[in-house]
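Here, each number is a calculation from the coordinates, and none is a lab measurement. This is a predicted model, so every value here is computed, not measured. Methodologically, a virtual Cβ is constructed for each residue, glycine included, from the backbone with ideal geometry; neighbour enumeration extends over all protein chains shown.
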Amino acid sequence: MTKLEQEILNFETNFYNALKSAQTEEDLEQLRLTFLSRSGQLANLMSILKGLSDEEKRTLGPKLNKLKEAAQNAFNEKFEKLKLEKIKLEEEKKSNFDVTAYKPFEIFGSLHPYTKTIEHIENILVTMGFEIIDGPEVDSDYYNFESLNIPKNHPARDMHDTFWLDIPHMLLRTHTSSVQAHAMQEKKLPLAVGIPGRTYRHEATDASHDFMFMQCEILLIDKNISLANLFATAKTFLQALFEKGDLEIRIRPGYFPFVEPGVEIDCTCPFCTDGCSVCKKTRWIELCGAGLIHPNVLISSKIDPKIYSGFAMGFGLTRLVMLKYGINDIRLLHSNKIDFLSQF
């Protein structure tokens, strides 16, 4: 056996062992440079062949050419195999992606305090049998005032500081009570609805006042509805809202044109037991205006007050949010301050 023949055998052994061990494209590239490149071992064997006799060239030349072709084909097959394995691995990673995996330095959003409170209120009302509805924020004078027993020139209109539009008799609703008439005219009796939503009044903006704020109305109409139903509903609702089973309410006379009799409903302070800054050391918080629906309001929606009666209870949802979360400036609720919003 000549020296070149021994070199050919050594090349085959070393090349195929290295090819078998290659597991990555980087390994394969290093193998190519070592064995198959212009300065690799195979090229060296070809240069040795050039210095041999014609007889040796005729004998070893075909062997080297066959080796070169076989080595290149084996290399190409290995390359394609590793490429397919890489694609398959990527597909498996995508199909088994863990959506719960922790991603560092990720910024998470949070629910606005309005959203959290409204969701809580809606859940309570739905469990109590009320339907959640809404009405138009741009409404007519009839629905916002007249249907609620507040005719033209009524002094109660002066309390509302209304945003009137250029369109005759149209305005931005000043309270969610405007949805009462819509509900009474469009829905069948008996009627039990909760109405959270935005309201608008022409007020100067400061820490405790804004031109846009949130209210919530609770309305129930059926046969033989009395103040006892109103008080029981108010107490049950407020206990669930503040998650205080021992919360008590007290009733004071109040005036609202669309109810008769009208009452103010206070509740014991849910934040203290002996007086705090929220209740101003009184242990009571004023929360709701309420009463039995005025017969004129029922008549305006073609409901017979001799057969049906009902109650309405409304409260400032914005004030409730500020109380619950200890927010001392109403303007923060409409700001885009991340430091403030991220607290919730």
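Among Asp134, Asp266, Asp54, the largest mean-square fluctuation in a Gaussian network model of the chain (Cα springs under 10 Å) belongs to Asp54. Lys116 label point, 7 Å along Cα→Cβ, cut-off 18 Å on backbone N: hits in region 315-332? Within reach of a label on Lys116: 317-332. Computed over region 38-170, relative contact order equals 12 percent, with contacts defined as Cα pairs under 8 Å that lie 6+ residues apart. Only one of (1) 46; (2) 33; (3) 57 was calculated from the structure for percent of Cα pairs over 30 Å apart, and its label is (3). For region 207-273, the relative contact order comes to 21 percent (Cα pairs under 8 Å, sequence separation of at least 6).
222 nm [θ] for the chain, helices only, -39500 (n - 2.57) per DSSP H run of 4+, per residue, to 500? If you can, show how the numbers build up before the last one.
Working: 11 runs with 145 residues, N = 344.
The helix contribution divided over the chain gives -13500 deg cm²/dmol.
Placing +1 on the Cβ of every Lys and Arg and -1 on the Cβ of every Asp and Glu, with no other charges, gives region 3-95 a dipole of roughly 120 debye about its Cα centre.
Charges only on Cβ, +1 for Lys and Arg, -1 for Asp and Glu: so what's the dipole of region 232-344 about the Cα centre, in debye to the nearest 20?
In total the dipole reaches around 120 debye.
The distance between label points at Asn17 and Glu55 comes to 3.4 nm (points 7 Å beyond Cα on the Cα→Cβ vector). The residues neighbouring Phe163, those whose beta-carbon lies less than 14 Å from its own, together hold a net charge of -3 under the Lys/Arg +1, Asp/Glu -1 convention.
Here the Karplus relation 6.51 cos²θ - 1.76 cosθ + 1.60, evaluated at θ = phi - 60°, turns the backbone of region 227-238 into coupling constants of 4, 4, 5, 4, 5, 5, 5, 4, 5, 4, 5, 5 Hz, with x for every Gly and Pro. Residues Phe15, Phe242, Phe344, Phe163 in ascending order of nearby Cβ atoms (within 10 Å, fewest first): Phe344, Phe163, Phe242, Phe15.
Summarise the long-distance tail of P(r) for region 3-95 by giving the % of C-alpha pairs beyond 17 Å. The share of Cα pairs beyond 17 Å in region 3-95 comes to 54 percent. Placing unit charges on the Cβ atoms of the charged side chains and taking the dipole of region 113-341 about its Cα centre, the candidate lying farthest along the positive direction among Ser140, Leu172, Ile249 is Ile249.
Grab the Cα-Cα distance for Ile299 and Asp161, subtract it from 0.36 nm times how many residues apart they are, and report the gain in nm with one decimal. Can you show the working numbers first?
Numbers: separation 138, 0.36 × 138 = 49.68 nm, distance 2.67 nm.
Answer, rounded to one decimal: 47.0 nm.
For the chain, a Gaussian network of Cα nodes joined below 10 Å ranks Asn123, Asn153, Asn14 by mean-square fluctuation, and the top entry is Asn14.
Multiply the residue gap between Asn224 and Glu203 by 0.36 nm, knock off their C-alpha separation, and tell me the result in nm, one decimal place. Each step should come with its number before you reach the end.
On the way: separation 21, 0.36 × 21 = 7.56 nm, distance 3.95 nm.
Going from the current span to full extension adds 3.6 nm.
Positive end of the charge dipole of the chain (Lys, Arg +1 and Asp, Glu -1 on Cβ, about the Cα centre): tell me which of Gln23, Leu45, Leu111 has its Cα farthest that way. My answer, from the dipole projection, is Leu45.
The calculated FRET efficiency for Thr273 paired with Thr24, based on their beta-carbon distance and R0 = 56 Å, is about 0.20.
With N residues in region 166-227, what two-decimal value do you get for its Cα radius of gyration over 2.2 N^0.38 Å?
Values: Rg = 14.9 Å, N = 62, 2.2 N^0.38 = 10.6 Å.
Normalised by 2.2 N^0.38 Å, the Cα Rg of region 166-227 equals 1.41.
Remark on region 279-342: ratio of C-alpha radius of gyration to 2.2 N^0.38 Å is 1.75. With the simple spin-label model, which puts each label point 7 Å out from Cα in the Cβ direction, the Arg252 to Lys187 separation comes to 3.0 nm.
Here is the size of region 216-344 from its Cα atoms: Rg then Dmax, 17.2, 55 Å.
Here the peptides 221-227, 192-198 are ranked by packing, the mean other Cβ count within 10 Å, and the order with the highest first is 192-198, 221-227. Annotation for Thr127 and Leu341: the two label points, set 7 Å from Cα along the Cα-Cβ direction, are 2.9 nm apart. Only the Cβ atoms of Lys and Arg (+1) and of Asp and Glu (-1) were treated as charged; on that basis the dipole of the chain about its Cα centre amounts to roughly 560 debye. Compute the label zone of Leu332 within region 259-294: residues whose backbone N is under 16 Å from the point 7 Å along Cα-to-Cβ. In region 259-294, the label zone of Leu332 (backbone N under 16 Å from the point 7 Å along Cα→Cβ) covers 277-278. No disulfide-compatible partner, judged by a Cβ distance under 4.7 Å, exists for the following cysteines of the chain: Cys216, Cys267, Cys288.
Quick one: length gained pulling Asn76 to Glu106 fully straight, 0.36 nm per residue minus the C-alpha distance? Kindly include the intermediate steps, with their values, before the conclusion.
Details: separation 30, 0.36 × 30 = 10.80 nm, distance 4.31 nm.
Gain on stretching Asn76 to Glu106: 6.5 nm.
For region 40-195, how big is Rg over Rh, using alpha carbon atoms and the Kirkwood form of Rh?
Working: Rg = 41.9 Å, Rh = 24.9 Å.
Taking Rg over the Kirkwood Rh, I get 1.69.
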